[in-house]
Amino acid sequence: MNITVTNKLAQRLMEASGEPVSGQQLADEFGISRTSVWKHIKDLQEKGYEITSVKKKGYVLSDIPDSLEASTIQPLLKTQLLGKTIEYIASTESTQIIAHQLAQTGVSHGTAVLAEEQTAGRGRMARKWDSAYGKGIWMSIILRPDIPVQRAPQFTLIAAVAVVRAIEEVTGLRPDIKWPNDILVNGKKCTGILTELQSDADGIQALIIGIGLNANQEADDFSEEVRNIATSLKMETGKHVSRQELVRSILFYLEQYTEIYIKEGFGVLKLMWESYSTTIGKKVRARMARETLEGIAEGITDDGVLQLRTADGKLHGIYSADIEMEK
Ligand code: BTX
């Protein structure tokens, strides 16, 4: 079965917004036989698409499955490059591992790896990331920007802004960003971002942006360790949220912001990041491997480094830390 035709057919039916499209019309548009159209429709139905055949009128799509498979995501995409190739795995240790392997085989900019479940999802500094089956978005995106290695951390911030915009668009919630990469709703973490890179003497070969977004968990779906600090969009809105819409929107904004970044630099995006940040202007405690510093978070540099002013008036550049904020 030609997956691209199946996906395009799903997209065509989605665009018809509940109006019937005749088998003959689909056959003509796709340059295939009516029997072939019927086979693609059957394939979609087996995947959970609700498609009914209305006598003398054609096929009507009324629902799509809650899955992150390429066939359900790609028809929704409004991007040029991001998500044009999707590697879907129902269960994997970590989408980061798969993305690293794929990046080495030379896959193109914008390839996304999506899973329903991660058995060893990871956060920064080898911490664990809770990734329950079918409840969240566990996604790694491979980008190949032509930028110097030292600018890579800016992409964590750009990705954070893209995720916040997507959450706003799809749910109406107003998330905050806690430096560097936690996205919080009502003070609880609903998304984490992990940026890793492959580089050599020529610079960045691939940026692997891992996004873990809690979409439809209930409190019980989280491990005990994180239950008190984590939340999901469903817990915050009281409604099931569409993971497909979120993926569509994240990829859309990430592509837009990457373009802005390449054309105009980091300035505008830094302003956007700061407008969502709960850290800036606050008294914070930054726990690092060797020391803990307390002070006012004054801002971030163009490289995404947090500027912390301690009581003695000294300004410290914080590259990596866990931040606690005074309530
Ligand atoms: P982080 O180091 O900032 O956050 C990890 C910490 O967050 C954990 O130590 C735990 O306290 C808490 N935590 C763990 N799971 C969850 C959760 N589901 N919701 C809220 N809090 C949690 C953040 O690292 C980066 C996470 C990236 C995850 C993505 S998922 C797709 C990709 N694949 C993969 O293995 N990692 C990335």
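The values are calculated or read from the model by the stated rules, or taken from the named source; none is laboratory data. What you see is a predicted model, and the numbers here were worked out from it, not measured in a lab. Neighbour counts are summed over all protein chains in view; Cβ atoms, including those assigned to glycine, are modelled from backbone coordinates with ideal geometry. Surface accessibility is based on the protein's heavy atoms, side chains included, excluding ligands, DNA and RNA. Shrake-Rupley method; radii C 1.70, N 1.55, O 1.52, S 1.80 Å.
Among the residues of the range 206-229, which ones are more than 8 Å from the ligand (Cβ to nearest atom), more than 30 Å from Leu143 (Cα to Cα) and either among the polar types (S, T, N, Q) or buried (at least 20 other Cβ atoms within 10 Å of the Cβ) (or both)? Selection gives Asn228 alone.
Tallying residues that are under 18 Å from Gly110 (Cα atoms), of a type in the set (A, V, I, L, M) and either away from the ligand (no atom under 12 Å from the Cβ) or open to solvent by 40 Å² or more (accessible area, probe 1.4 Å) (or both) within the range 151-205 yields 8.
When each of Tyr133, Tyr88 is tested for being touching a residue at least 24 places away in the same chain (Cβ under 8 Å), among the hydroxyl-bearing types (Ser, Thr, Tyr), open to solvent by 70 Å² or more (accessible area, probe 1.4 Å) and more than 18 Å from Ser199 (Cβ to Cβ), the lone residue that passes is Tyr133.
For the range 23-54, give me each residue that is part of a helix (DSSP H, G or I) and open to solvent by less than 40 Å² (accessible area, probe 1.4 Å). Give the steps one after another, and end with the answer.
Applying the first criterion (part of a helix (DSSP H, G or I)) to the range 23-54 yields 23-30, 34-46.
Matches in the range 23-54: Gly23, Leu26, Ala27, Ser36, Val37, His40, Ile41, Asp43, Leu44.
Determine, yes or no, whether Thr105 is within 13 Å of the ligand (Cβ to nearest atom), modelled with pLDDT of 90 or more and either open to solvent by 20 Å² or more (accessible area, probe 1.4 Å) or of a type in the set (A, V, I, L, M) (or both). Considered against the rule, which asks whether it is within 13 Å of the ligand (Cβ to nearest atom), modelled with pLDDT of 90 or more and either open to solvent by 20 Å² or more (accessible area, probe 1.4 Å) or of a type in the set (A, V, I, L, M) (or both), Thr105 comes out as no. Residues in the range 114-130 that are open to solvent by 20 Å² or more (accessible area, probe 1.4 Å) and either on the phi < 0 side of the Ramachandran plot or modelled with pLDDT of 95 or more (or both): Glu117, Gln118, Thr119, Ala120, Arg122, Arg124, Arg127, Lys128, Trp129, Asp130. All of Gly136, Gly203 fail the test of being of a type outside the set (Phe, Trp, Tyr) and on the phi > 0 side of the Ramachandran plot, apart from Gly203. The one condition from (1) of a type in the set (A, V, I, L, M); (2) part of a helix (DSSP H, G or I); (3) modelled with pLDDT of 95 or more that Leu9 does not meet is (3).
On inspection, Thr79 fails the criterion of being of a type outside the set (Lys, Arg) and touching a strand residue (DSSP E or B) at 6+ places or on another chain (Cβ under 8 Å).
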